[in-house]
Amino acid sequence: MKIIDRTLYQLTVPTPFAVGTVHMYLLKGDTLSLIDAGVKTQEAFEILKTQLKEIGYQPKDIEQIFLTHHHPDHTGLVEAFPRVKEVMGHNHLDVWLRKDQAYFERHDAFFLNFFKQCDIPERFLGIKKKLSYLLQYAGEGSLTTNLEEGDTLPGHPEWTVYDTKGHAQSHLSFYRKKDGVFIGGDHLLKQISSNPVIEAPIGKGELRAKPMVQYRENLYKCSGLEIKQLLPGHGEIFSNVSEVVHAHLQKQEKRALRVLNLLQASEKTVFQLCKQIFPHRYESQIDLTMSNIIGQLDYLENKGLVKKRNEGGKELYGATVGK
């Protein structure tokens, strides 16, 4: 537990994921609120109770929850607070909190088709199994209030909501202008770049989002704010926000340039690029490596540097100009 100021506390619990621990933030104001809800394990809940007790609270004292995004390590304990009546976040969160089976069926169908377009072999098509694994750590409930950019947090009017899609299509961040404190979920982390993850569209017939393009736009948006202290979902608190944003953008552009160089030699599918860019990771992390490659291709396509064509149900990408 870390005290940020007299109204704001950082609570930290372990997760079963490679990212390590995850942070939540307790907000004191007209109501006692929690930003994010950790992961659904007994260990996380026991550690959270201990940290709440250090500052004089119990789970029953929490009155409302704000969620930065729908990933399991941020929603897991939403059911653990008996007095909570309001769970607030982006409207895309609701299908995940309700564990909407109709959406999950569309999710599975989307990825089955998308993997085929990306030329990913059938041995990797266990997306349903991975979804089931992740959902066991996610909380269940329903979103009671939608939050949008420009809203203020109920009970905490000094905090403004910012849409920070990219890492997730439900991602929001919260900014306190008076002292430049920014609670950023997984949008901006100091040591690692948040992976903009490909998601199945929420609505029937919708096109998929381009999360890398969104992520870059929202990094620029955040670098335009006077952020003096960034409180992340993982890792250490930091203040050199412009420097970190610049480093993440440069790293992404360098990776995109590598993809472009490969495409200048010949057309390639997403899977072929995954094998060349991530030769040691694609077998065990096909979903994340695919998301990363698609992100670079969306970025390059948005700049007019690559184009794609469909051949036999597979998408081939090529550079629009030679070396």
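The values are calculated or read from the model by the stated rules, or taken from the named source; none is laboratory data. Please read all numbers here as calculations on a predicted model, not as lab measurements. Here the Cβ positions follow ideal geometry from the backbone for every residue, glycine too, while neighbour counts run over all protein chains shown. For accessibility, only protein heavy atoms count, side chains too; no ligands or nucleic acids. Shrake-Rupley method; radii C 1.70, N 1.55, O 1.52, S 1.80 Å.
What to note about this one:
- With contacts taken as Cα pairs under 8 Å and at least 6 residues apart, region 12-145 reaches a relative contact order of 25 percent.
- Under Karplus coefficients 6.51, -1.76 and 1.60, residue-wise ³J(HN,Hα) of region 228-242 in Hz, glycine/proline x: 9, 8, 10, 9, x, x, 9, x, 7, 5, 8, 10, 7, 5, 4
- About the centre of its Cα atoms, region 172-323 shows a dipole size close to 300 debye [charges on the beta carbon of Lys, Arg (+1) and Asp, Glu (-1) only; nearest 20 debye].
- The packing ranking of peptides 163-176, 205-218, highest mean first, is 163-176, 205-218, where packing means the average number of other beta carbon atoms within 10 angstrom of each residue.
- Percent antiparallel among DSSP beta bridges (both partners in region 178-323, rounded to 5): 65
- Loop-located GluC sites (Glu not before Pro) in region 117-149 whose Cβ has at most 12 other Cβ within 10 Å (DSSP): Glu148
- Other-chain or far-sequence residues with amide H under 5 Å of Thr68's (modelled H): Asp36
- Each DSSP beta bridge with both residues in the chain is either parallel or antiparallel, and the antiparallel ones are about 70%.
- The per residue volume of the convex hull around the alpha-carbon atoms of the chain is 130 Å³.
- 5 angstrom amide H check on Ile4, placed H, neighbours 5+ away: Tyr9, Gln10
- Sequence-ordered 3J(HN,Hα) estimates for region 78-85 from the Karplus curve with 6.51, -1.76 and 1.60 and θ = phi - 60° stand at 4, 8, 8, 10, x, 9, 5, 10 Hz, glycine and proline given as x.
- Computed from the Cβ-Cβ distance with R0 of 56 Å, the FRET efficiency linking Lys178 to Leu257 stands at 0.90.
- The 3J(HN,Hα) values that the Karplus relation (6.51, -1.76, 1.60; θ = phi - 60°) gives for region 11-26 are, in residue order, 10, 10, 10, x, 10, x, 9, 4, 5, x, 6, 10, 9, 10, 10, 8 Hz. Gly and Pro appear as x.
- Per-atom-type breakdown for the chain gives carbon and sulfur 49% of the accessible area (1.4 Å probe, protein chains only).
- Cβ-derived FRET efficiency at R0 51 Å, Arg123 paired with Glu54, nearest 0.05: 0.60
- Heavy atoms of Ile227 accessible to a 1.4 Å probe, total area in Å² rounded to 10: 20
- Each of Thr320 and Ala18 was given a label point 7 Å from its Cα along the Cα-to-Cβ line. The distance between the two points is 3.4 nm.
- Measuring nothing but how far apart in sequence close Cα pairs (under 8 Å, 6+ apart) lie, relative to its length, region 130-287 scores a relative contact order of 16 percent.
- Dipole of the chain [Lys/Arg +1, Asp/Glu -1 at C-beta], most positive-end residue of Gln264, Val197, Met88: Gln264
- Spin-label pair Glu148-Asp108: with each label point 7 Å from Cα along the Cα-Cβ axis, the two points sit 3.4 nm from one another.
- Trypsin sites (Lys or Arg not before Pro) restricted to DSSP loop in region 27-87 with at most 12 other C-beta within 10 Å: Arg83, Lys85
- Projected label distance in nm at Lys28 and Leu134, using a 7 Å step from Cα toward the beta-carbon: 3.6
- For the chain, the relative contact order works out to 14 percent when only alpha carbon pairs closer than 8 Å and six or more residues apart are counted.
- Using the 1.4 Å probe convention, the accessible area of region 8-107 works out to 38 Å² per residue with neighbouring protein chains retained.
- Computed Kirkwood radius, in angstrom, where 1/r is averaged over Cα pairs of region 173-304: 16.1
- Rounded Å value of the spacing that divides the Cα centres of region 225-294 and region 156-179: 23
- The chain - mean residue ellipticity at 222 nm from DSSP helices (-39,500 (n - 2.57) per run, n ≥ 4, rounded to 500): -10500 deg cm²/dmol
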